[in-house]
Amino acid sequence: MNKFANFKDLLAYCETENCSIGEAALRYEVSLGDRTTEAILQGVQTILSQMKDTIQSGLLSEEKSMSGLSGGFSKKVITFVDSPTAFLSPLEHKMMAYALATLEENSRMKRIVACPTAGASGVVPAVLIALAEEKQIPPEKLQMGLLAAGLVGEIVSRRMHLSGAAAGCQAEVGVATGMAAAAIVECLDGTPQQALDATAISFKNMMGLVCDPVAGLVEVPCVKRNSVAGLHASAAATLALSGVYSFVPLDEVVDAMVSVGRMMSPKLKESAEGGLAQTPTALAFTEQFQKKEK
Ligand code: SF4
């Protein structure tokens, strides 16, 4: 079967076969030959269940991470929905809180699903689980959403290392946002073209995002960055579903991200030598933290 060298290839396959990106991803997985359709879907369901478990344990915990930089924010956001000053919908609150819950669990060294990386593990689960709860998306459809997200991530990963150290945060939270946008469109029965437009719109707005973690820990800005990224994916998916398309095709957007990643200074690639990591607050924290660690 076609290995989908790029997104143009994937779109042509979906149009010829009259199938969604999730279905194309499932057929691709089957074509690898080591698992049946049922075994693959069972595996996808297991991943979704783990994502849900992580969100639930994260929401219940107020424990701080070892560094003290994160922990306890997800609960604040989920309860804020009942406040008179809350102005976003329950779906949006859940997306933000669920991403926080996952990243807070990651900071506590609990089990998460890297999606595509640990530092970006909040976006896709938050969007999928919140959407399922608030829009009554059935499990089979949710599985297709995750498969679509996975295939988007895989195609990008063939042209770009998915790590902040290689290409900045555009390669972690940026890619997760595009994966989540495609998953939303898949779950809401948009077309493959709309899913890829949603991904392209997400990527265009995440392009150039630097990796600048305070003290080199995957906490600040990573935890809150994941939380906001879920809404970013939702906005991109909404634009695509309403008929707004990307002027630049997705493959070219990915090429541009690769090129931007190459131009980015090593100081902005997980080295903690630039961006937020070099602010006075971050430097003072890092000094204290390193003293404590000795
Ligand atoms: S800022 Fe760096 S460490 Fe944090 S999520 Fe982004 S790429 Fe990962």
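The values are calculated or read from the model by the stated rules, or taken from the named source; none is laboratory data. Everything quoted here is computed from the prediction, not taken from an experiment. We place every Cβ from the backbone using ideal geometry, glycine too, and count neighbours over all the protein chains shown. With ligands, DNA and RNA removed, areas are computed over all heavy atoms of the protein, side chains included. Shrake-Rupley method; radii C 1.70, N 1.55, O 1.52, S 1.80 Å.
Would you calculate, for the chain, the mean residue ellipticity at 222 nm contributed by helices, counting each DSSP H stretch of 4 or more residues as -39,500 (n - 2.57) and dividing by all residues, to the nearest 500? Don't jump to the answer; show the numbers that get you there.
Numbers: 13 runs with 186 residues, N = 294.
Theoretical 222 nm ellipticity from helices: -20500 deg cm²/dmol.
Give the accessible surface of the chain per residue, rounded to a whole number of Å², with probe radius 1.4 Å and ligands, DNA and RNA excluded.
Numbers: 13200 Å² over 294 residues.
I get 45 Å² per residue for the chain.
Given springs between every Cα pair under 10 Å in a Gaussian network model of the chain, which of E273, E104, E17 has the largest fluctuation?
E17
Can you pull the percent of the chain's accessible area that's carbon plus sulfur, 1.4 Å probe, other chains left in place?
Numbers: 7620 of 13200 Å².
That share works out to 58 percent.
How much net charge surrounds G119 when only other residues with a Cβ under 15 Å from its Cβ are counted (Lys, Arg +1; Asp, Glu -1)? All intermediate terms of the calculation are to be shown ahead of the outcome.
Details: positive: R108, K110, K224, R225, K269; negative: E104, E105, E172, D212, E219, E270.
Summing Lys/Arg as +1 and Asp/Glu as -1 gives -1.
In whole Å, how far is the Cα centre of the range 75-120 from that of the range 7-46?
29
Using only Cα atoms, find the angle between the long axis of helix 7-17 and the longest principal axis of the chain, and express it within 0 to 90 degrees, rounded to the nearest 10.
The angle comes out at about 40 degrees.
Quick one: how many Å² of K292 are accessible to a 1.4 Å probe, rounded to 10?
140
Rounded to two decimals, what ratio of Rg to Rh does the range 46-96 give with C-alpha atoms and a Kirkwood Rh? Walk me through the numbers before you get to the answer.
Details: Rg = 12.6 Å, Rh = 12.2 Å.
Reported Rg/Rh, Kirkwood definition of Rh: 1.04.
What does the C-alpha gyration tensor say about the overall shape of the range 95-136? Classify as rounded when a/c is under 1.5, otherwise prolate if a/b is larger than b/c, or oblate. All intermediate terms of the calculation are to be shown ahead of the outcome.
Details: a/c = 2.62, a/b = 1.91, b/c = 1.37.
Cα axes put the range 95-136 in the prolate bin.
Given springs between every Cα pair under 10 Å in a Gaussian network model of the chain, which of E270, E29, E252 has the largest fluctuation?
Answer for the Gaussian network model of the chain: E252.
Compute a Gaussian network model of the chain, connecting alpha carbons closer than 10 Å, and tell me which residue from V258, V173, V244 fluctuates the most.
Highest fluctuation of the listed residues: V244.
If one takes the longest principal axis of the Cα atoms in the chain, at what angle in degrees, from 0 to 90 and to the nearest 10, does the Cα axis of helix 90-107 lie?
Here the helix axis deviates by roughly 60 degrees.
In whole Å, what are the extents of the chain along the principal axes defined by its C-alpha atoms, from largest to smallest?
Here the Cα extents, ordered largest to smallest, are 60, 44, 40 Å.
Nearest 10 degrees is fine. How inclined is helix 21-31 to the longest principal axis of the chain, computing both from alpha carbons?
Around 80 degrees separate the two axes.
Show which lysines lie in cross-link reach of K292 when reach means a straight Cα distance below 24 angstrom and same-chain residues fewer than eight apart are skipped.
Hits, sequence-local ones excluded: K64, K110.
Can you run phi through the Karplus equation (6.51, -1.76, 1.60; θ = phi - 60°) for the range 56-68 and list ³J(HN,Hα) in whole Hz, with x for Gly and Pro?
Calculated HN-Hα couplings, in order: 5, 5, x, 5, 7, 8, 10, 4, 7, 6, 4, 6, x Hz.
For the full complex of protein chains and a 1.4 angstrom probe, list S61, S265, S202 by accessible area with the highest value first.
My answer, sorted largest first, is S265, S61, S202.
Once phi is turned into θ = phi - 60°, what whole-Hz ³J(HN,Hα) does the Karplus curve with 6.51, -1.76 and 1.60 give for every residue of the range 258-275, x standing for Gly and Pro?
4, 5, 4, x, 5, 6, 5, 5, x, 5, 10, 10, 6, 8, 6, 9, x, x
Using only Cα atoms, what Kirkwood radius does the range 83-167 have, in angstroms? Walk me through the intermediate numbers first.
On the way: mean 1/r = 0.0706 Å⁻¹.
Value: 14.2 Å, from the Cα pair sum.
To the nearest Å, what is the center-to-center distance of the range 191-252 and the range 127-185, using C-alpha atoms only?
10
Quick one: compute the contact order of the chain, relative version, from alpha carbon pairs under 8 angstrom and 6+ residues apart, as a percent.
Working: 517 pairs, mean separation 55.9, N = 294.
19 percent.
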